[in-house]
Amino acid sequence: MKLYSQKTYTAIRKQANQYVRIYLSLLLLLFGSITPVYTEKPPENILNNGDFDHHLQGWRHWTHESANALFQTEAKKAEPIAGKNVAYIKINKVGNALGHIQFYQQPFTLLEDITYTYSLWAKSEKPRNVTMRIMHQGVPWNVYAGRSIGLSETWKEFFITFEMPVDDVSSRAGIIMGLEKVDVWIDHVRLYEGEYVSDIEGAEPHAVEPSGKLATIWATLKSF
């Protein structure tokens with residue numbers, strides 16, 4: 001079997017995705033709107049342990065010295081959306097900025113010109129905001145997709161669909177939740193290629209538009 005370099009493989013994938021878009025556009029012209037039906041398994045999740053069946057394995061967290069939070073998992077009492085557990089973030093002290101309490105997974109590779117969807121289910125002790133974001137892990141901390149979402153006491157699904165502006169072998173997906181002393185629960189976190197795909201029966205997802213220009217710098221998001 002012939003082996004390709006990573007650069008050649010990336011170019012082949014980009015070309016293949018262009019052909020798929022052209023093919024789908026022709027189908028739309030011929031038959032009108034098309035609703036995809038996935039008769040097999042849903043898209044492959046780039047993230048590990050998105051349902052927290054292995055507790056917090058594969059996940060990381062960080063709190064600034066001005067904040068204090070406990071990161072753990074809860075089981076049946078938390079009413080998991082999928083799997084056996086959910087991630088539970090108990091916030092004891094809020095910190096001085098939204099980014100002072102973080103829950104995330106890294107590193108993984110995202111490819112230029114590929115469309116991705118980042119989705120998760122979340123709820124909170126009482127109404128509050130958190131921020132979903134996809135970013136580069138390291139200086140200059142480029143944020144590729146980020147947006148504040150409003151949580152409540154009821155589980156809701158949120159998703160962001162975005163196109164990568166560059167290849168990034170050190171990407172990060174996560175949530176930041178400082179500033180409000182309100183506990184947060186998270187479950188069924190997914191990151192995959194393509195447009196949003198529902199895999200939970202009866203789900204009513206909340207689409208989240210990526211903020212501003214895709215490749216923003218983290219310094220510009222400190223006010224979130």
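Counting neighbouring beta carbons within 10 Å and listing from fewest to most, the residues S148, S119 come out as S148, S119.
Comparing Cα centroids, region 49-121 and region 137-167 end up 13 angstrom apart. 3J(HN,Hα) along region 152-159: 9, 6, 9, 4, 9, 9, 10, 8 Hz, from the Karplus curve 6.51 cos²θ - 1.76 cosθ + 1.60 with θ = phi - 60°, whole Hz, x for Gly and Pro.
Among E180, E201, the ranking by other beta carbons within 10 Å of each residue's beta carbon, starting with the fewest, stands as E201, E180. By the count of neighbouring beta-carbon atoms within 10 Å, fewest first, E157, E74, E163 end up ordered E163, E74, E157.
Computed from the coordinates by the stated procedures, all read-outs in this text should not be read as laboratory data. Everything numeric in this text was worked out from a predicted model, so none of it was measured. Cβ coordinates were reconstructed from backbone atoms using ideal geometry, including for glycine residues, and neighbour counts include every protein chain displayed.
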